[in-house]
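Have a look at the structure below, then the notes.
The values are calculated or read from the model by the stated rules, or taken from the named source; none is laboratory data. All values derive from a computational prediction rather than experimental measurement. Here the Cβ is made from the backbone with ideal geometry for all residues, glycine too, and neighbour counts use every protein chain on show.
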Amino acid sequence: MVLTIVLVVLAIAALALVLMYNGLVRLHTRTEEAWSDITVQLKRRYDLIPNLVNTVKGYAKHEKSVFENVTKARTAAMNASGVAETAAAENQFQEALKSLFAVAEAYPDLKANENFKALQDELVDTEDKIQASRRFYNGSVRDLNIKIKTFPTNMFANKLGFKQREFFEVEEAEAAAIAKPTDVNFS
């Protein structure tokens, strides 16, 4: 009888450990997928920038420093690794893009250019997708971190190789700009 009770308790403990592990794997995989979604959207945006810069260059040839800053910021963002470094690079890249669009505002012919308008629309669409990807990623990170921190999973998560993840946060100014897209006028 005692042996049966011990076996049942061990079986329940093993089942609980398997369920915890599988839950952690699911959340970890979802978080990795969400990060992948962000990187895909960021690459899409990075691929649009050279066309945008070249279009603006055609109208604003003397704005060389703006183009160089955008190019440097794009390169830094593309080479960033990890969540914190990518977020910091993205904040700098956003600032450089704002300066590019500020230059574009000074050229009415450029603002009327169909290619420029199409690139702007594509960029706005991509920014919306990046924002959605960030929300999905941060939600996945939240769920994973909660699971790792809560009992009884917290007793096993680190031993099983699961670590808390960082949120992909933008600076306060960027968060305000994202929350109020009407504050940023691209057209």
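General observations
- The C-beta contact set for the range 164-175 (first residue at pLDDT below 85, second residue surrounded by 13 or more Cβ atoms within 10 Å (Cβ to Cβ), distance under 6 angstrom, 6+ apart or interchain) comprises Glu171/Asn91; Glu174/Asn91; Glu174/Gln94.
- Hey, Ala88 in a helix (DSSP H, G or I), free of Cβ contacts under 8 Å to residues at least 12 places away in the same chain and among the small types (Gly, Ala, Ser) or not: yes
- Yes/no for Ala96 being in a helix (DSSP H, G or I), out of contact with any His (no Cβ under 7 Å at 6 or more places or on another chain) and buried (at least 19 other Cβ atoms within 10 Å of the Cβ): yes
- Unique match (being among the aliphatic types (A, V, I, L, M), modelled with pLDDT under 95 and part of a helix (DSSP H, G or I)) among Leu17, Leu10, Leu24: Leu17
- Residue count for the range 101-134 under the criterion of being part of a helix (DSSP H, G or I), without any contact (Cβ under 8 Å) to a residue 60 or more places away in the chain, over 18 Å from Arg44 (Cα atoms) and not small (Gly, Ala, Ser): the result is 5.
- Hits in the range 42-85 - residues which are at pLDDT 90 or above, assigned to a loop (DSSP other than H, G, I, E, B) and loosely packed, with under 13 Cβ neighbours inside 10 Å: Ser81, Gly82
- Meets criteria (basic (Lys, Arg), within 20 Å of the chain's Cα centre (by Cα) and under 30 Å from Thr153 (Cβ atoms)) for Arg44: no
- Checking the stated criteria, Lys147 turns out to be of a type in the set (Lys, Arg) and surrounded by 13 or more Cβ atoms within 10 Å (Cβ to Cβ).
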